[in-house]
Amino acid sequence: MVIIGIDPHKSSFTAVAVNRSGATVGSRRFVVNAGTATALCEMVPPGLGQGRACRPPDIDSSIKANEAQMRDAVAAPTTTPQKVHGINTVRAAKLLGHIRDITRFPSADHFAGYTGTALLAASSGENTRHRLNTGGNRQLNSVLHTIAVCRARDPGPGRVYYQRKLDEGKTRAEARRALKRRLANVLYRPMRRDQQHAPPTAA
């Protein structure tokens, strides 16, 4: 018998397989996608657990079907998130699912408060600082964090803004928080326009 323990992260997880005596027989990091379940089973050494119990027959097809449904949902002409650099299908679906009706947020500041990206002052004397905001919707905050990491890494306006904050003397974490707050605006304004121009829903 082999037991596999999972340590989940934002878009990947680390799996460790141990045998009956508790000895590690395998360890591997996976990026989460439609083939993850099959890849997870394949990390088990031959003869130590592979078989029907390790391969639920419909799990991969169910994951693929879910991804197809998400692609259809975020491909609607009135949805903006997937057009933003750093947002894939899963992140776009998570954003739309948690936000639902963007008009329930009367301003970008309200939206930033809901996503936990509103900057919280922690200044001392002449030093202007902002501390980590642990409030808001943590699922949305996680998505915005991932987008901010992508934007800060890749060439473009996001990296320019991130670098400018570093040049101002901000730490990397502070610069990334400022970028997350800016991204809240980047998402809010076009989504608000999308909602205003959406065709009326049939009664």
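The values are calculated or read from the model by the stated rules, or taken from the named source; none is laboratory data. As the structure is a computational prediction, the values presented were derived from the model and not from experiment. Methodologically, a virtual Cβ is constructed for each residue, glycine included, from the backbone with ideal geometry; neighbour enumeration extends over all protein chains shown.
Show the residue pairs that are 6+ apart or on different chains and have beta-carbon atoms under 9 Å apart, the first residue being within region 8-28 and within 28 Å of Gln139 (Cβ to Cβ) and not assigned by TED's automatic domain parsing to the domain that holds Ile147, the second being in a strand (DSSP E or B) and among the basic types (Lys, Arg).
His9/Arg29; Ser12/Arg29; Phe13/Arg29; Thr14/Arg28; Thr14/Arg29; Ala15/Arg28; Ala15/Arg29; Val16/Arg28
Kindly provide the set of residues from region 88-99 that are outside any helix (DSSP H, G or I) and modelled with pLDDT of 85 or more, ordered by number.
none
Using the structure shown, decide if Val149 is within 24 Å of Val32 (Cβ to Cβ), modelled with pLDDT of 90 or more and assigned to a helix (DSSP H, G or I).
Details: within 24 Å of Val32 (Cβ to Cβ): yes; modelled with pLDDT of 90 or more: yes; assigned to a helix (DSSP H, G or I): yes.
For Val149, the condition - within 24 Å of Val32 (Cβ to Cβ), modelled with pLDDT of 90 or more and assigned to a helix (DSSP H, G or I) - is met.
In region 114-146, what count of residues is obtained for those that are at pLDDT below 80 and touching a helix residue (DSSP H, G or I) at 6+ places or on another chain (Cβ under 8 Å)?
Result for region 114-146: 4.
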